[in-house]
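Written below as structure tokens is the structure these notes are about.
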Amino acid sequence: MSRAYVETTVLADALLKPGPRANAATSALRRYDESLLPVYSIKEFKAGALAKYVWFHGKLVTTRSWEKTLAQLRKSAMSPFRGRWVSTAVEALEAAGHRNSDVTLGELVDKYGALATDDVVRCERYRLSLRRIIMRAWKKRRQVTSSVVDELSCYPEGDVIEERGLIELGEVNCCPKDECCLAAELRRHPENLRKMKAAIASQPPKDENVKRSQVLRSLTRPNQKLTPKQCRHLGDAVFAYFCPPDAVILTTNTTDLRPLAEALGKKAEAP
Amino acid sequence: MATNTNIIEFVPSHGALTRLGSDTTIESGQRKPPETSTAASVFDVRDLVFSEAGNKVSQGLRLSQAELYPARHAFSREHITALRLLTLAIGRSKRALDSITGDNMLAADTEIQKLQVLLPELFCCRGLGDGFGTITNALMSAFEVLGGTTPDVNQIRAMNKVLQVLKEKPFLSVDEADDQVQVLESVGLNPYPAELVEFLSSE
């Protein structure tokens, strides 16, 4: 029986990228007899990809202007979308803002005022679309796979709500009483932690690898508590460690995950 | 942003106003019976007593602020416009289906074109609520993604059904609207602006 252990990137594709990306993700999930979604994926999904969409949605709500939102997406130092500004996707987005100034719209502006200007109409259409994508993604998060596994007792999944037009994600971090609930299980196999640390050492020295390596090292030391921040830094290592031996880690980020998985005799595959 | 609630049926406990029809729509060329003429004629504020806590009490009837709110939009200019446009759009989609049955694809496509050009103005009535805006946006996006291709029979049927729901419940909630958008998705219509989807998928 084939089993997939679903990593955050695949969950995000399936839920947040309607169209070819979502289709590819869901088709990949269907290839396996069983698909397992660890709650750690949901945690990363909420704090990562979903939070980016919520930020984008919030800009549309607060600026009430597509042009102003676009400027924020492009220029703001905190914009999670800044890196995309060289892609053709952005050209499509910008072009769409210029092509709808047709006669019909002109007539509507005469009749309905600012409510019908292309800038406001586009802003509202994207806001409503994003709102639906976000709310549906959260609602469907536990339905994309055949089962949800590895519940996290210290993570309050909470709910996503709308308040004053803005989407409120609520708590996105773990709230452990003492330390992260994964700590005890991770410490049961220190040799695996060392193997993953060694695998990271052979990878490019990027920031996330450095942090992950530090957390793995601290886990092998006595009297070190695993904090929520460290739990977040573990990231890919959690999937490599907790993936059942007979399952495959399904991820779009095979570059980072494969070395960790292979260090423990496991596999990572792209959809 | 408008609250996403629907008109509720208000049944006064006494007085001459005794019935409110659930259908808030206006059919062209059809007179409505006096007792269902407007929401305002039925909603008798004298029936309401405001308590110190701000709760409205009327002989056992309690309405929340959110439940009352749509009354402000009921039969406003945008409500009337929306009902008029929806009546037209439903008629167009019905005629398109009839034309397909009669094997006249050109006539069907012409009707669909006429339906499509109603949507931008319909979207201008989105002050009725985010539910209304969500459905109108989905229909606009569906046509944009089709790129001039005539929707098939199932897709036109789905549009017709969704437009009818919107006409019956223009103040529908976002969750209710979501169900209708799913109807469109189930027949292969894309409810999101294509350029937005491309952007979101570009990472």
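GNM on chain A, alpha-carbon springs under 10 angstrom: the most fluctuating residue among A:H189, A:H233, A:H57 is A:H189. The HN-Hα couplings worked out from phi for segment A:143-152 by the Karplus form 6.51 cos²θ - 1.76 cosθ + 1.60 (θ = phi - 60°) are 10, 7, 10, 6, 7, 10, 10, 6, 4, 10 Hz, whole numbers, x standing for Gly and Pro. Counting only residues at least eight positions apart within a chain, or on another chain, the lysines with an alpha carbon under 19 Å from that of B:K167 are B:K32, B:K94, B:K114. Length gained on full extension, A:K267 to A:K139: 43.1 nm, using 0.36 nm per residue less the C-alpha separation. Note that segment A:120-199, at 37 °C in a medium of 0.692 mPa s, gets a Stokes-Einstein diffusion coefficient of 202 µm²/s from its Kirkwood radius over C-alpha pairs. Pairs A:K140/B:K161; A:K43/A:K266; A:K17/A:K68; A:K46/A:K225; A:K43/B:K169; A:K75/A:K197: which exceed 29 Å Cα-Cα? Flagged as over cut-off: A:K43/B:K169; A:K75/A:K197.
Largest GNM mean-square fluctuation among A:S202, A:S153, A:S218, using chain A with Cα springs under 10 Å: A:S202. Among A:P259, A:P190, A:P20, determine the one that fluctuates most according to a GNM of chain A built with springs between C-alpha atoms less than 10 Å apart. Most flexible of the set in this elastic network: A:P20. Working note: Karplus 6.51/-1.76/1.60 with θ = phi - 60° gives segment B:139-153 the couplings 5, 4, 5, 4, 5, 4, 5, 5, x, x, 5, 5, x, 7, 4 Hz, where Gly and Pro are set to x. The convex hull of the Cα atoms of segment A:160-271, projected and averaged over all directions, covers 9.0 nm². Among the trypsin sites (Lys or Arg not before Pro) in segment A:151-225, those placed in a DSSP loop whose Cβ has at most 12 other Cβ atoms within 10 Å are A:R164, A:K177, A:R188, A:K206, A:K225.
With an 8 Å cut-off on Cα pairs and a minimum separation of 6 or more residues, tell me the relative contact order of chain A in percent.
Numbers: 361 pairs, mean separation 63.9, N = 271.
Value for chain A: 24 percent.
When the alpha-carbon atoms of chain A are used, the pair Rg, Dmax equals 21.3, 73 angstrom. The value given for segment B:77-198 is a Kirkwood hydrodynamic radius of 14.1 Å, derived from the mean inverse Cα-Cα separation. The ranking of A:L36, B:L166 by Cβ neighbour count inside 10 Å, starting from the fewest, reads A:L36, B:L166. Residues whose amide H falls under 5 Å from that of A:K267, counting only those 5 or more places apart or on a different chain, are A:I249, with hydrogens built in the peptide plane.
Phi angles of segment A:225-239 translate, via the Karplus equation with coefficients 6.51, -1.76, 1.60 and θ = phi - 60°, into HN-Hα couplings of 8, 8, 8, x, 5, 5, 4, 5, 5, 4, x, 4, 4, 5, 5 Hz per residue; Gly and Pro are given as x.
Computed from the coordinates by the stated procedures, all read-outs in this text should not be read as laboratory data. Predicted, not measured: the structure shown is a model, and the values here were computed from it. Cβ: placed from backbone, ideal geometry, glycine included. Neighbour counts: every protein chain shown.
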